[in-house]
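Encoded as structure tokens, the structure appears first; notes follow it.
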Amino acid sequence: MTINKSAVALVALGLVAPFILYPVFVMKVLCFALFACAFNLLLGYVGLLSFGHAAFLGTGGYITGYMMMEAGLTPELGILCGTAAAATLGAVYGKLAVKREGIYFAMVTLALSQLAFFVYLQAPFTGGEDGMQGVPRGHLFGLIDLSDNMNMYYFVFAIFLFGFWVVNRTIHSPFGQILKAIRENEPRAISLGYNVNDYKWAAFVISSALAGLAGSTKTLVFQLASLTDAHWHMSGEVVLMTLLGGMGTIFGPIVGAGAVVTIQNYLSGGELGNYIHIIMGLIFVVCVLAFRSGIVGEFNKFMKKNFS
């Protein structure tokens, strides 16, 4: 199936999804799918493993919540502020992190993410461990009431499609081809005259902005911004989503996010609720050992082998 046909199918599925499944659940999947797509841009197409992407998800959520509650902004402006804040934080963190490679890059991003976490833990406007509660959904452009779940759903779906388009356009542009070249052979990219640190930094900022967009949207959906979104556990979850769905594939992060969120929601209400992290860890191990290309990657291999 070509990307265009798959994209059409994705749009069609998204349009009918709230009539089949609970809209709030689907919105949660879309928010995390956007977050995973943002992370996959960095890991799958640049080869940079960040353990600190939760900082940008949390930043987008907290800034949007603050601007909605204290400044009284409309939803679209609140989301823009959250996204801009995450992009700014990503620009600063990226300048510090891209100078390192491999595990050192991962550890720097983790350390910087934990710095942001403790800032949000102590900051007076975040609500500390209680989180920022009661964030109003407001009226989109002052006209559309987002307290209605269906209105909110299609707004979230539009945001997701925009973020997905940005990722898709980025990786298929000349800029994206250079990112892939850096991933495959960085010394050769340097020998061709490319300033690889600048390209890594630009990709880091784009990824951070999209992660912030996901966090901003999630805050409006649940009317809550909490430390959970900024915790290092969330950085680990997005790694799992990306690897489970298929790192370096267009639709892999969406499938991975849908699978992880579904498993978490299904188990949280049952007897296995206390063992969710253990189960997710086992799924991660099985994914790495048994199908390293992820669900979408293995499916693509199967289709190419049997039907090409």
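The values are calculated or read from the model by the stated rules, or taken from the named source; none is laboratory data. Predicted model only: the values in this text are computed from it and were never measured. Here the Cβ positions follow ideal geometry from the backbone for every residue, glycine too, while neighbour counts run over all protein chains shown.
Numerical summary
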quantity: Odd one out for L224 among (1) surrounded by fewer than 23 Cβ atoms within 10 Å (Cβ to Cβ); (2) out of contact with any strand residue (DSSP E or B) (no Cβ under 7 Å at 6 or more places or on another chain); (3) not aromatic (F, W, Y); calculated: (2)
quantity: Unique residue being assigned to a helix (DSSP H, G or I), touching a residue at least 12 places away in the same chain (Cβ under 8 Å), farther than 22 Å from M107 by Cα and more than 14 Å from the chain's Cα centre (by Cα) when the list is L289, L213, L220, L282; calculated: L220
quantity: The range 143-190: number of residues that are touching a strand residue (DSSP E or B) at 6+ places or on another chain (Cβ under 9 Å) and over 22 Å from A12 (Cβ atoms); calculated: 3
quantity: Residue list for the range 45-80, filter: surrounded by fewer than 24 Cβ atoms within 10 Å (Cβ to Cβ) and in contact with a Pro (Cβ under 8 Å, 6 or more places away or on another chain); calculated: M69
quantity: A9 in a helix (DSSP H, G or I) and surrounded by fewer than 17 Cβ atoms within 10 Å (Cβ to Cβ); calculated: yes
quantity: Criterion: among the polar types (S, T, N, Q), crowded, with 21+ Cβ neighbours inside 10 Å, modelled with pLDDT of 90 or more and under 26 Å from E129 (Cβ atoms) - qualifying residue of T83, T88; calculated: T83
quantity: Selection within the range 292-308 - more than 21 Å from the chain's Cα centre (by Cα) and surrounded by 17 or more Cβ atoms within 10 Å (Cβ to Cβ); calculated: F299, N300
quantity: Search result, residues across the range 186-201 that are surrounded by fewer than 12 Cβ atoms within 10 Å (Cβ to Cβ) and over 23 Å from the mean Cα position of the chain (by Cα); calculated: P187, R188, S191, L192, G193, N195
quantity: Test: residue in the range 153-168 that is farther than 28 Å from V16 by Cα, of a type outside the set (V, I, T) and in a helix (DSSP H, G or I); calculated: no
quantity: Selection count where residues are touching a Gly at 6+ places or on another chain (Cβ under 9 Å) and within 11 Å of F222 (Cα to Cα), scope the range 137-154; calculated: 1
quantity: Meets criteria (closer than 14 Å to S216 by Cα and out of contact with any strand residue (DSSP E or B) (no Cβ under 8 Å at 6 or more places or on another chain)) for L77; calculated: yes
quantity: Residue selected from the range 223-256 under the condition touching an Asp or Glu at 6+ places or on another chain (Cβ under 9 Å) and in contact (Cβ under 8 Å) with a residue 60 or more places away in the chain, by the criterion nearest to L110 (Cα to Cα); calculated: L227
quantity: Selection from the range 111-150 of residues that are part of a helix (DSSP H, G or I), surrounded by fewer than 18 Cβ atoms within 10 Å (Cβ to Cβ) and not aromatic (F, W, Y); calculated: A111, L115, V119, L121, Q122, G128, E129, D130, N149, M150
quantity: Single match in G131, G94, G138, G61 (criterion: touching a helix residue (DSSP H, G or I) at 6+ places or on another chain (Cβ under 7 Å), closer than 25 Å to M27 by Cα and modelled with pLDDT of 90 or more); calculated: G61
